[in-house]
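**Student:** After the structure tokens below, expect a handful of questions from me.
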Amino acid sequence: MSLRNKLIQNFTLAILLSILVFSVSISVFINKTMTSYLINDRNAEFEKIKTEFEEIFWNRGEQEVRARLEQYSKEENVYIEIFNMKNESIAKFEGIDDNLKNQGKFVTKSYSFYSPQTNEYFGYLLIGYMEDSYQTSKQANELRENTVDSILITLLISCFMGFLISVVFSRTISKPILEISKAAESIKDGDYSIDLKDSEINELNELTNNIRFLSKNLEMQEKLRIQYAQDISHELRTPLTNLGLHLEAMKDGIIDADDDTINILLGEVRRLNGLVDNLKKTFDDNSEFVKFHKEKFNLSKLLNTINESLSPRLINNNIKLTTDIKDDVIINSDSDKITQIMYNLITNAIKAIGKDGNINITLKEDKKNIYIDVKDDGVGIEKEKIPYIFDRFYRIDDARNTKTNGHGLGLSITKTFTEALDGRIKVKSKLGSGSTFSLIFQK
């Protein structure tokens, strides 16, 4: 059974039960009120008979009294008897219909009367009737029937209105719940673009807000997962490329397999191992890739090592690398992240040049900051595109060799790492004249 039908069923049952209880209560109350009214009306009538009897008895005579009481007893279906002061019956009138004699108990009421001149006790008037006969009188039956009809009509109208109310009310509750259920299914299927409207019911509104939060959080986690996979893939590509180029150069006899070359290769292997270790750690937590481990190290030596590791690629592209690196520049930072930053900037410069060009790397310092510049004479970047080059997946096809262009992640990662290390990155470029990327780190 659907939620809406279940709500309609429960609401309708609750309303019907309430109406039934209300109707029974009203019926009991009306019946009790009607009974009390009839009894009081009967007693008032008997008082009226007694008063009228006294007035006729003392003023008009016994014969007229007899005629009047006989008529009244038949009209009202009552028994009337007159007793004198000696408790002797002097007249009786049997007016109760034979059909009423078996309806309930016979009840009598006596009314004493006195001489109006001397106020002396003279006798009493006895009036008897069947206890339940007054409830079966024509007037009582009409009143009872009208009451029952009114209650039935009210009950039917109330049931119909209750059903309509339950339908509307159940729709008010079930609609947002069904929307939330559909949103949850969309989230389960990987669609986070849900559109939930606020509800007037506080609990449902809170549930809606929780679903929205869950959707945004899962969407963010999915983007982080994808971003991490892309970033780590990008970073793994550089040491693998360097290893491949070194091995090819050694095979072709371009470079010698001396200690320096072997150390470069070992360095790339260690770097590759470090990236793989980070990848392993981040299966349960994708934040490890962007965690930083700062320590003091010789930045000058690191840059020279990076330049040497890229020499096969530079030779392969006929690119001349010149450096102006100040000796023994010490920095307190993360050497792995600095390495990734420099690899990204230099490989981007190689892509910008393509073949036959120049790259210049400088390292300077003052009392407060350390400055690194990577300058190339490649194709450059259009002025209007410079603000977007650090955006993820932004690729400048007309400013890079499209055959070697990546996925637009290198500069984004570079900017992220630089700022995380409390640094800044700037770029100067002119289309057709090359580019200069500048890094500034605090000491």
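The values are calculated or read from the model by the stated rules, or taken from the named source; none is laboratory data. This one's a predicted model, so the numbers in the text were calculated from it and none came from an experiment. Please note: Cβ atoms are built from the backbone with ideal geometry, for glycine as well, and neighbour counts cover all protein chains shown. Accessible surface is based on the protein model in full, side chains and every heavy atom, while ligands, DNA and RNA are left aside. Shrake-Rupley method; radii C 1.70, N 1.55, O 1.52, S 1.80 Å.
**Student:** Test of understanding: among D231, D260, D284, which residue is open to solvent by 50 Å² or more (accessible area, probe 1.4 Å), charged (D, E, K, R), under 30 Å from D391 (Cα atoms) and at pLDDT below 80?
**Tutor:** D284
**Student:** Just name the residue that is farthest from G253 (Cα to Cα) out of those in region 330-355 that are free of Cβ contacts under 8 Å to residues at least 60 places away in the same chain and within 56 Å of the chain's Cα centre (by Cα).
**Tutor:** By that ranking, first place goes to I330.
**Student:** Kindly provide the set of residues from region 92-104 that are under 23 Å from I82 (Cβ atoms), in a loop (DSSP other than H, G, I, E, B) and not acidic (D, E), ordered by number.
**Tutor:** G95, I96, K101
**Student:** Taking only pairs six or more apart or across chains, which ones have beta-carbon atoms under 9 Å, a first residue in region 87-107 that is within 22 Å of L125 (Cα to Cα), and a second residue that is aromatic (F, W, Y) and part of a helix (DSSP H, G or I)?
**Tutor:** F93/Y72; G95/Y72
**Student:** Name every residue in region 7-62 that is over 30 Å from I153 (Cα atoms), in contact (Cβ under 8 Å) with a residue 60 or more places away in the chain and not acidic (D, E), in order of residue number.
**Tutor:** Passing the criteria: R42, N43, F46, I49, K50, F53.
**Student:** Would you tally the residues in region 342-362 being over 18 Å from S429 (Cβ atoms) and buried (at least 17 other Cβ atoms within 10 Å of the Cβ)?
**Tutor:** Kept after step one, since they are over 18 Å from S429 (Cβ atoms), are these residues of region 342-362: 342-343, 355-356.
Subset that is buried (at least 17 other Cβ atoms within 10 Å of the Cβ): 342-343.
Adding up the residues that qualify gives 2.
**Student:** Follow-up. Quick check on my filter: what residues within region 175-184 are β-branched (V, I, T) and open to solvent by 50 Å² or more (accessible area, probe 1.4 Å)?
**Tutor:** Selection gives I177 alone.
**Student:** Among the residues of region 188-223 satisfying the criterion of being in contact with a Ser or Thr (Cβ under 9 Å, 6 or more places away or on another chain) and open to solvent by less than 60 Å² (accessible area, probe 1.4 Å), which is farthest from F11 (Cα to Cα)?
**Tutor:** Ranking the candidates gives Y192 first.
**Student:** Do you know which residues across region 326-341 are farther than 19 Å from N242 by Cα, crowded, with 17+ Cβ neighbours inside 10 Å and not polar (S, T, N, Q)?
**Tutor:** V329, I331, D334
**Student:** Just a yes or no: is a residue in region 420-438 more than 17 Å from G357 (Cα to Cα), aromatic (F, W, Y) and modelled with pLDDT of 90 or more? Before the answer, list the steps.
**Tutor:** First, pick out the residues of region 420-438 that are more than 17 Å from G357 (Cα to Cα): 420-428, 438.
With aromatic (F, W, Y) added as a condition, the list becomes none.
No - not one qualifying residue is present in region 420-438.
**Student:** Here is a further query. Could you identify the single residue in L243, L302, L275, L321 that is of a type in the set (A, V, I, L, M, F, W, C), surrounded by 12 or more Cβ atoms within 10 Å (Cβ to Cβ) and at pLDDT below 80?
**Tutor:** That would be L275, the only listed residue that is of a type in the set (A, V, I, L, M, F, W, C), surrounded by 12 or more Cβ atoms within 10 Å (Cβ to Cβ) and at pLDDT below 80.
Each row is one residue, and each column tells you yes or no for (1) basic (K, R); (2) open to solvent by less than 90 Å² (accessible area, probe 1.4 Å); (3) in contact with a Cys (Cβ under 7 Å, 6 or more places away or on another chain); (4) modelled with pLDDT of 75 or more.
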site: N119; (1), (2), (3), (4): no, no, no, yes
site: F122; (1), (2), (3), (4): no, yes, no, yes
site: E145; (1), (2), (3), (4): no, no, no, no
site: S150; (1), (2), (3), (4): no, yes, no, yes
site: I153; (1), (2), (3), (4): no, no, no, yes
site: I173; (1), (2), (3), (4): no, yes, no, no
site: S186; (1), (2), (3), (4): no, yes, no, yes
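**Student:** Of all residues in region 56-112, which are open to solvent by less than 70 Å² (accessible area, probe 1.4 Å), over 17 Å from Y129 (Cα atoms) and in contact with a Gly (Cβ under 9 Å, 6 or more places away or on another chain)?
**Tutor:** Scanning region 56-112 gives F83, N84, I90, S112.
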